[in-house]
Protein chains: 2
Amino acid sequence: MNEKIVKIGLVGFGTIGSGVAKLIMEDADSIASRTGLRLELSRVIDVDTTSERPIKLPGNMLSDDLSQLLNDETITIGIETIGGTDAAKQVQLKMLESGKDVVTANKALLAEHGNELYRAARKNGRCIAFEASCAGGIPIISAIRSGLAANKITAMYGIVNGTCNYILSNMASKNEKFDQVLARAQEKGYAEPDPSLDINGQDSAHKLAILASIAFGYEIMFDDIFVEGINNISQDDVHYGREMGYCLKLLAIGQKDEQNRISLRVHPSFIANDNPLSQVEGPFNAVSIFGSAVGQVMFYGRGAGMMPTASAVVADIIDVALGNSGRTFNHLNIRPRTESELLIDKIDNLVSKFYIRIMCKDQPGVIAQWSKVLAENNISISGALQHEGKGPDDTVPVVIITHLTRQENITAALNDMEKLDVIGGNPVCIRIVDIPEDKD
Amino acid sequence: MNEKIVKIGLVGFGTIGSGVAKLIMEDADSIASRTGLRLELSRVIDVDTTSERPIKLPGNMLSDDLSQLLNDETITIGIETIGGTDAAKQVQLKMLESGKDVVTANKALLAEHGNELYRAARKNGRCIAFEASCAGGIPIISAIRSGLAANKITAMYGIVNGTCNYILSNMASKNEKFDQVLARAQEKGYAEPDPSLDINGQDSAHKLAILASIAFGYEIMFDDIFVEGINNISQDDVHYGREMGYCLKLLAIGQKDEQNRISLRVHPSFIANDNPLSQVEGPFNAVSIFGSAVGQVMFYGRGAGMMPTASAVVADIIDVALGNSGRTFNHLNIRPRTESELLIDKIDNLVSKFYIRIMCKDQPGVIAQWSKVLAENNISISGALQHEGKGPDDTVPVVIITHLTRQENITAALNDMEKLDVIGGNPVCIRIVDIPEDKD
């Protein structure tokens, strides 16, 4: 078979960039035999040209001068693995302007400036491929855009942050405290030294913005997404939830109803123990998608890490070089939103079941007080749990599971509860997410 | 956006064909808005032109005369949903010869004659797309060919037959007997009136032949695959296995080692209860794939049924119409095998753990006898289980779990055991499959 040579420039020689370079250089033969494409890394750009990396580059391939890449017309594909939103955006724009297709893993950039970049790509007759931006090595973006192209996608539920999932699943299975698991996650490289973007849910929201825009076909702004992280999750709640048949996950949720109203949210979520997503442990990611024809499909794998992410970047390079990405990108139909469109549903309108934990003083009449608050806010109770034994300040934990209720009613009830003398501290409130299972 | 009109001919107006027609006709607008392609069903061919179907065709679209489709040059894509291997093969060849790309869900045909059909397609400058042939609506073929294109695939473990999975998972969860569950599966439409192709493992083997040929890059003959069905699975073994921490699944397994030796087999398999595949219940399918860069990924969804299969067929139509399938098909590198290549590993060489159940007479010296047989065949025991209580003919079940052992040693030992007076009936032997989990 005739091999087509594909020359590649890489900007950003950190962990992901090193993985990409390694995969291209070490597996060029096997990739050529599978695809007919001979991938050649021509130029690697990074401000740091001296540090040791997991892969050795030949001769003077590494440089800190971007123009060497931009001006090399034999390079047809530029990879951006810098991360962050400022420099990376300029790099992508320059690569597009100099006639190169762009492959990127940069979720923050696409979530915040994707629409602008897509327009720049179209203007220059180029494409941007971004499989690696969501869920690492799992080919979820190509699944939504090609594999499920015959479906109207009605909902997606994703565990898309490995750090959070590692923490929550270890809190549940090993009975460890948040800080303890976080420290181990950092040791193992599953969490950054500063894990705040992961823990506060923003990283998941970045990925949701990208996935929802291609699944639902509308420009999604990062601000459209309601975001709550796992910062305040206590071990107690993980365990009380378990007792009641639930497993705690940080879910990224996108739903589109018959009226085209889109609901987008990232928050800690209790899901049924027998849902396949509850089996996703440790640093793994998984996304369940509901399509009008296909029903439920789920994709599972490593959502981060050097080689899984490189796997997705190189798959995109192959797809771009075959011309497939370009064609699909041309048909990428992400509609801009008009001012008049009431497209994004507010979190206040969310109808959900809720898990509420309050720390009650152990004295007569307490139940009467908190149940009165719920009743006044039109909230009906489906289950409650109070163990014997005392907590801090002579309080006892009471766990309440509500029937379906509007978020704004819950918010009002929680405010009212905080004012009760018989309740210590702030009530804890975690949404219960009923993932529709089309299971026999 | 300009819409490109794509005219489609469909041969085989049964369940799957009806689903495809329904999806194309009812969702044409939304597909056009997502992809820029306006799919138009031009002609439907079936020998039966009178029966009621779930979708009404306009005017004289339905005919029993294939030439009306072949001679219509505006039809660029032909869908074959007849099933079976004889007529379907002729139809595909004729469609290719008349210049149409082919989309098919026909696993039996591709497993048995795929290589011949691929050559015919190449000769005519056309392509064959077959996403729907394996695992219904799950985009597993595009995942292997595109999403994981940067990976050397080392192994795949698939639950690819919904009928068998429905039977085995209900035997486990509802404590029902094989025949009882099969009858309900037939009522629900999860099993054919004649379920033998499913139950005996052949359907799974067809799918494995297709998946393995694209994952490993060699022509796989259907006869290369060792096949054992679930015909003889008893409820007892499902339950003894569970007690020992295993879940019983019919797995389609493909492995390729460093020396390019390929092992292909379909058989009932005990897998660890905490493996994600063990959570796949009812008629669902799932395939775990191990790639050199990506690690483990798993794809899950409905592996059969009218609309999930139609979802995959229509995704292929879109991919063919965009030109993507053609490009990928041209690079589909399935090497023919030379006579000298010792490519396919024989089942006798399999090294595995085994579950053995024997029905022993309840008398002194029995353990000494069966353990001697195992020792003579160099088989070491990792666990054994004998409950109190009696079975038929005053025998008691003894369950033995072996350490890693070669299949040929087990086969010899089972033969020797059958000859023992103290053992009633034939020993039951089920392979234990250690799916490598790269889990934290």
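If you go through segment B:341-379, how many residues are of a type outside the set (D, E, K, R) and more than 28 Å from residue B:262 (Cβ to Cβ)? Working first, answer last.
Filtering segment B:341-379 down to residues of a type outside the set (D, E, K, R) leaves B:342-344, B:347, B:349-352, B:354-356, B:358-360, B:363-371, B:373-375, B:377-379.
Narrowing further to those that are more than 28 Å from residue B:262 (Cβ to Cβ): B:358-360, B:363-371, B:373-375.
Of the residues in segment B:341-379, 15 are of a type outside the set (D, E, K, R) and more than 28 Å from residue B:262 (Cβ to Cβ).
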Filtered residues of segment B:385-412 (kept if part of a strand (DSSP E or B) and under 18 Å from residue B:239 (Cβ atoms)): B:385, B:386, B:395, B:396, B:397, B:398, B:399, B:400, B:401
Pull out all pairs, ordered by first then second residue, where Cβ-Cβ is under 8 Å, the residues are six or more apart or on different chains, the first lies in segment B:352-364 and is farther than 22 Å from residue B:264 by Cα, and the second is among the aromatic types (Phe, Trp, Tyr). B:357/B:240; B:358/B:370; B:360/B:370
Flag if residue A:176 is within 23 Å of residue A:240 (Cα to Cα), surrounded by fewer than 18 Cβ atoms within 10 Å (Cβ to Cβ) and of a type in the set (Asp, Glu): yes
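For segment B:183-205, does any single residue satisfy the condition of being among the aromatic types (Phe, Trp, Tyr) and under 26 Å from residue B:335 (Cα atoms)? Reasoning before the result, please.
Going through segment B:183-205, the residues among the aromatic types (Phe, Trp, Tyr) turn out to be B:190.
From what's left, under 26 Å from residue B:335 (Cα atoms): none.
No: segment B:183-205 contains no residue that is among the aromatic types (Phe, Trp, Tyr) and under 26 Å from residue B:335 (Cα atoms).
Please find, among A:62, A:10, the residue that is more than 14 Å from every other protein chain (Cβ to nearest Cβ), farther than 26 Å from residue A:322 by Cβ, touching a Ser or Thr at 6+ places or on another chain (Cβ under 8 Å) and not aromatic (Phe, Trp, Tyr).
Numbers: A:10 fails: farther than 26 Å from residue A:322 by Cβ.
Step by step, each of A:62, A:10 is checked, and only A:62 is more than 14 Å from every other protein chain (Cβ to nearest Cβ), farther than 26 Å from residue A:322 by Cβ, touching a Ser or Thr at 6+ places or on another chain (Cβ under 8 Å) and not aromatic (Phe, Trp, Tyr).
Residue-wise test of (1) of a type in the set (Gly, Ala, Ser); (2) touching a Ser or Thr at 6+ places or on another chain (Cβ under 7 Å); (3) on the phi > 0 side of the Ramachandran plot.
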site: B:379; (1), (2), (3): no, yes, no
site: B:383; (1), (2), (3): yes, no, no
site: B:387; (1), (2), (3): no, no, no
site: B:398; (1), (2), (3): no, no, no
site: B:402; (1), (2), (3): no, yes, no
site: B:409; (1), (2), (3): no, no, no
site: B:414; (1), (2), (3): no, no, no
site: B:417; (1), (2), (3): no, no, no
Any residue at all in segment A:234-253 that is at pLDDT 95 or above and within 14 Å of chain B (Cβ to nearest Cβ)? yes
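Conditions tested, residue by residue: (1) within 30 Å of residue B:218 (Cα to Cα); (2) away from chain A (no Cβ under 14 Å).
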| site | (1), (2) |
| --- | --- |
| B:336 | yes, no |
| B:360 | no, yes |
| B:384 | no, yes |
| B:389 | no, yes |
| B:395 | no, yes |
| B:399 | no, yes |
| B:404 | yes, yes |
| B:417 | no, yes |
| B:420 | no, yes |
What are the residues in segment B:219-254 that are surrounded by fewer than 21 Cβ atoms within 10 Å (Cβ to Cβ) and under 25 Å from residue A:35 (Cβ atoms), if any? B:219, B:221
Please verify whether residue B:409 is over 10 Å from residue B:353 (Cα atoms), touching a helix residue (DSSP H, G or I) at 6+ places or on another chain (Cβ under 6 Å) and in contact (Cβ under 8 Å) with a residue 12 or more places away in the chain, treating the condition exactly as stated. no
Taking segment A:1-37 and keeping only residues that are crowded, with 16+ Cβ neighbours inside 10 Å, in contact with a helix residue (DSSP H, G or I) (Cβ under 6 Å, 6 or more places away or on another chain) and closer than 21 Å to residue B:145 by Cα, one is left with A:6, A:19, A:20, A:23, A:35, A:37
Quick one: which residue in A:351, A:366 is in contact with a strand residue (DSSP E or B) (Cβ under 6 Å, 6 or more places away or on another chain) and exposed (fewer than 12 other Cβ atoms within 10 Å of the Cβ)? A:351
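With B:23, B:41, B:57 as the choices, which residue is under 30 Å from residue A:333 (Cα atoms) and under 29 Å from the mean Cα position of the chain (by Cα)? Lay out the reasoning, then the answer.
On the way: B:41 fails: under 29 Å from the mean Cα position of the chain (by Cα); B:57 fails: under 29 Å from the mean Cα position of the chain (by Cα).
The match here is B:23.
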So residue A:57 passes all but one of these: (1) within 14 Å of residue B:293 (Cβ to Cβ); (2) in a loop (DSSP other than H, G, I, E, B). Which condition number does it fail? (1)
Out of B:285, B:260, B:275, report the one residue that is within 28 Å of residue B:41 (Cβ to Cβ), out of contact with any Ser or Thr (no Cβ under 7 Å at 6 or more places or on another chain), assigned by TED's automatic domain parsing to the domain that holds residue B:150 and touching a residue at least 24 places away in the same chain (Cβ under 8 Å). B:285
Of everything in segment B:286-310, what is part of a strand (DSSP E or B), farther than 21 Å from residue B:353 by Cα and more than 10 Å from chain A (Cβ to nearest Cβ)? Give them in sequence order. B:287
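Within segment B:144-165, track down each residue that is over 19 Å from the mean Cα position of the chain (by Cα) and either more than 9 Å from chain A (Cβ to nearest Cβ) or of a type outside the set (A, V, I, L, M) (or both).
Filtering segment B:144-165 for residues over 19 Å from the mean Cα position of the chain (by Cα) gives B:146-152.
Of everything in segment B:144-165, those that are over 19 Å from the mean Cα position of the chain (by Cα) and either more than 9 Å from chain A (Cβ to nearest Cβ) or of a type outside the set (A, V, I, L, M) (or both) turn out to be B:146, B:147, B:151, B:152.
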Output the helices (runs of 4 or more DSSP H) that fall wholly within segment A:117-230 and possess 2 or more residues being under 18 Å from residue A:253 (Cβ atoms) and touching a residue at least 40 places away in the same chain (Cβ under 8 Å), or say none. A:162-173, A:202-216
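Considering only segment A:91-116, state which residues are assigned to a helix (DSSP H, G or I) and surrounded by 20 or more Cβ atoms within 10 Å (Cβ to Cβ). Give the derivation first.
Let us first name the residues in segment A:91-116 that are assigned to a helix (DSSP H, G or I), namely A:91-97, A:107-116.
Matches in segment A:91-116: A:91, A:92, A:95, A:96, A:107, A:108, A:109, A:110, A:111, A:114.
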Consider residue A:184 against the criteria (1) in contact with a strand residue (DSSP E or B) (Cβ under 7 Å, 6 or more places away or on another chain); (2) modelled with pLDDT under 95; (3) farther than 21 Å from residue A:82 by Cα: it satisfies all of them except one. Which criterion is unmet? (1)
Answer yes or no as to whether residue B:190 is among the aromatic types (Phe, Trp, Tyr), within 30 Å of residue B:297 (Cβ to Cβ) and crowded, with 22+ Cβ neighbours inside 10 Å. yes
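With respect to residue A:415, is the statement that it is outside any loop (DSSP other than H, G, I, E, B), free of Cβ contacts under 8 Å to residues at least 12 places away in the same chain and not assigned by TED's automatic domain parsing to the domain that holds residue A:268 true? Before the answer, list the steps.
Working: outside any loop (DSSP other than H, G, I, E, B): yes; free of Cβ contacts under 8 Å to residues at least 12 places away in the same chain: yes; not assigned by TED's automatic domain parsing to the domain that holds residue A:268: yes.
In short, yes.
Condition check: touching a Cys at 6+ places or on another chain (Cβ under 6 Å) and surrounded by 23 or more Cβ atoms within 10 Å (Cβ to Cβ). Does residue B:288 satisfy that? Walk me through it before giving the result.
Numbers: touching a Cys at 6+ places or on another chain (Cβ under 6 Å): no; surrounded by 23 or more Cβ atoms within 10 Å (Cβ to Cβ): yes.
Against the criterion (touching a Cys at 6+ places or on another chain (Cβ under 6 Å) and surrounded by 23 or more Cβ atoms within 10 Å (Cβ to Cβ)), residue B:288 does not qualify.
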Result of the Cβ filter at 7 Å on segment A:60-71, keeping first residues that are modelled with pLDDT of 95 or more and partners that are loosely packed, with under 12 Cβ neighbours inside 10 Å, at least 6 apart or interchain, is A:64/A:47
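Restricting the search to segment B:322-334, which residues are more than 8 Å from chain A (Cβ to nearest Cβ) and surrounded by fewer than 24 Cβ atoms within 10 Å (Cβ to Cβ)? Reasoning before the result, please.
Of segment B:322-334, the ones more than 8 Å from chain A (Cβ to nearest Cβ) are B:325-326, B:329, B:332, B:334.
B:326, B:329, B:332, B:334, listed by residue number.
Return the residues of segment B:110-133 that are farther than 15 Å from residue B:20 by Cβ and either outside the structural domain of residue B:13 (by TED's automatic domain parsing) or touching a Lys or Arg at 6+ places or on another chain (Cβ under 6 Å) (or both); say none if nothing qualifies. Before you say what the answer is, go through the steps one by one.
At the first step, the residues of segment B:110-133 found to be farther than 15 Å from residue B:20 by Cβ are B:110-128.
Scanning segment B:110-133 gives a single hit, B:113.
The values are calculated or read from the model by the stated rules, or taken from the named source; none is laboratory data. Just so it is clear, the model here is predicted, and its values are computed rather than measured. Note that we place each Cβ from the backbone using ideal geometry, even for glycine, and neighbour counts take in every protein chain shown.
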